[in-house]
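Scroll down for the structure; my scribbles are underneath it.
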Amino acid sequence: MQKNSVKTNYIYHVAYQVLTMLTPLITTPYISRVLQPDGVGAYSYAYTMVQYFVLIGNLGFSTYGQIKIARHNDDLNECSQIFWEIVILRTTVFLFCLAGYGAFIWYTVRYKELYVVLSILLLSNVLDISWLYFGFEDFKSVSMRNIIVKLAGIIGIFLFVKEKEDLLIYALVLSLSTFAGSVVMWRGVHQRIQRPQWQKMHFRQHIKPTIAFFIPGIASTIYTMIDKTMIGVITSSAYENGYYEQAHKIEQIIVQFVLSIGVVLRPKMAGLYQRKEEKEIKENLSQAVTVVFMITLPMCAGLCIVAPELVSCFLGKEFTQCIPLLRIFSVLIIIIGLSGCISNLYLSVGGHQKQHTIGVYVGAAVNIALNLLFIPYMGAVGAATASVLSECVILLVFYLYSKQYFNLRMFIHPAVKYGILTMIMAGAVLLVKMMPIQSALVGTIVEITVGVIIYGGALLVAGDEFAVKIVSQFKHKIKK
């Protein structure tokens, strides 16, 4: 089966990421006003608890499966055996998780009905085989599936979620759309995978490497989800979790867009490491770091500047406490972009999982310690501050373990170059911000538009290689 090019994969993946960014633009203003901060906070807390069981059920199978399939995607028999072995192992683990989740629901007191509805997410993850398509470098199928799921969720929210008491309906709509998306992915399996040869099944070979991916996955969850858990436990406030959830959601939308660079390049990098093509590896890593700085610096500055208007028109006046949270989280766009680049393109696929694990656990330990110190006095702001500091620690550890391919010059040169262009953009946006625009929505749109135009123009004036190439390709397509 013919593979899609990296460029094609990136286009499809970006298309999905754009929809992911647009979805909250459509649904979040509505949900924030219908469910209110405490409703949003209740869903956030319950969803986070469910994700702990999802994490254990996944047990690192998704990342391991993608890399394993990518390394053997030219051998139909080998791929088929790998696929069925991983599917059976993963299903077995999830059955134990479902039993544990049932016990959790039985003994829990708060949000019991919400947990029952969200159990559908566990079933969705049992059936999720996106990793197979990623391994074949087929991002089109996964992206199209995800786009359909997003659209179905959007339609369902506006059709069925009408008032604050519809929290369970909101959870049901999102859970069912995800479940349907997982089921749909199985339709194309017979075109890529043969039936299993039961007598040749070897499950043991997958257990150790899968656990190697699972261990850092636990720590990743600790510093990405433990914040919401600790806010709920320490403050006992659904409102604080609601503020944190909405600010974190906006930041994560942007971060996932940036991380898509690494996700798309990961199968290709796995092949390069397999063939030991050192020169091309270094070139790809250098270009990836440059692109991360080019994208994240203006995003960080822009989010800081437009935060008041964005919160006002996007979330409503009940969420004004999200403004300082957004400004703190904006720094994560840069930090996670860089650490994700090192992780996805070097540590995970280059056989350095142990070093990745150490970095993640160090960051997780720092995050928990800082949460215990900050949350009792600062609430959600304390959790956000702890997240930024712990991610800085992770980035530092990742860098120290990857100096074979990364050096300070790879970071400093693009940081200075795009930092200067970002300051030019920020100055222009701040001038626009001084204009007497009454509408927060109009102000946000104008500020973002001016920022994009000024930054894009600055890139072209500076003769930036990537910007010039994009414009040249665009002109070529128009002429064609």
Residue selected from the stretch 221-279 under the condition open to solvent by 50 Å² or more (accessible area, probe 1.4 Å) and outside any helix (DSSP H, G or I), by the criterion modelled with the highest pLDDT: Ser236
Within the stretch 52-73, the residues that are modelled with pLDDT of 85 or more and either open to solvent by 10 Å² or more (accessible area, probe 1.4 Å) or of a type in the set (S, T, N, Q) (or both) are Tyr52, Phe53
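Matching residues to (1) open to solvent by 20 Å² or more (accessible area, probe 1.4 Å); (2) farther than 14 Å from Gly57 by Cβ:
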position: Asp75; (1), (2): yes, yes
position: Ile86; (1), (2): no, no
position: Val93; (1), (2): yes, no
position: Phe96; (1), (2): yes, no
position: Ser119; (1), (2): yes, no
position: Tyr133; (1), (2): no, yes
position: Phe136; (1), (2): yes, yes
position: Ile148; (1), (2): yes, yes
Within the stretch 427-438, the residues that are free of Cβ contacts under 8 Å to residues at least 24 places away in the same chain and either under 16 Å from Val311 (Cβ atoms) or open to solvent by 70 Å² or more (accessible area, probe 1.4 Å) (or both) are Leu431, Met434, Met435, Pro436, Ile437, Gln438
Contacts under 7 angstrom Cβ, first residue in the stretch 378-407 being within 19 Å of Ile358 (Cα to Cα) and of a type outside the set (A, V, I, L, M, F, W, C), partner open to solvent by 20 Å² or more (accessible area, probe 1.4 Å) and outside any helix (DSSP H, G or I), 6 or more apart: Tyr401/His352
(1) more than 23 Å from Asp464 (Cα to Cα); (2) modelled with pLDDT under 90 all hold for Val292 apart from (1)
Can you tell me how many residues in the stretch 441-480 are modelled with pLDDT of 75 or more, outside any helix (DSSP H, G or I) and more than 29 Å from the chain's Cα centre (by Cα)? 2
The one condition in (1) closer than 19 Å to Gln51 by Cα; (2) in contact with a Phe, Trp or Tyr (Cβ under 6 Å, 6 or more places away or on another chain) that Glu85 fails to fulfil: (1)
Yes or no: Leu114 at pLDDT 90 or above, within 25 Å of the chain's Cα centre (by Cα) and open to solvent by 70 Å² or more (accessible area, probe 1.4 Å)? no
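Condition check ((1) within 21 Å of the chain's Cα centre (by Cα); (2) assigned to a helix (DSSP H, G or I); (3) farther than 17 Å from Tyr244 by Cβ) across all residues:
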residue: Asn284; (1), (2), (3): no, yes, yes
residue: Val292; (1), (2), (3): yes, yes, yes
residue: Gly302; (1), (2), (3): yes, yes, yes
residue: Val306; (1), (2), (3): no, yes, yes
residue: Ser312; (1), (2), (3): no, yes, yes
residue: Arg327; (1), (2), (3): yes, yes, no
residue: Leu345; (1), (2), (3): yes, yes, yes
residue: Leu373; (1), (2), (3): no, yes, no
Tally up the residues in the stretch 140-180 that are free of Cβ contacts under 8 Å to residues at least 12 places away in the same chain and in contact with an Asp or Glu (Cβ under 7 Å, 6 or more places away or on another chain), please. 0
Of (1) in contact with a Cys (Cβ under 7 Å, 6 or more places away or on another chain); (2) open to solvent by less than 10 Å² (accessible area, probe 1.4 Å), Arg327 fails just (2)
Flag if Val349 is in contact with a helix residue (DSSP H, G or I) (Cβ under 8 Å, 6 or more places away or on another chain), open to solvent by less than 10 Å² (accessible area, probe 1.4 Å) and assigned to a loop (DSSP other than H, G, I, E, B): yes
So, in the stretch 409-424, how many residues would count as being open to solvent by less than 100 Å² (accessible area, probe 1.4 Å) and more than 26 Å from the chain's Cα centre (by Cα)? 5
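The values are calculated or read from the model by the stated rules, or taken from the named source; none is laboratory data. All values derive from a computational prediction rather than experimental measurement. When we count neighbours, we look across all protein chains shown, and the Cβ atoms used for this are built from the backbone with ideal geometry, even at glycine. The protein model used for the area step is the full one, side chains on, heavy atoms only, and it has no ligands, DNA or RNA in it. Shrake-Rupley method; radii C 1.70, N 1.55, O 1.52, S 1.80 Å.
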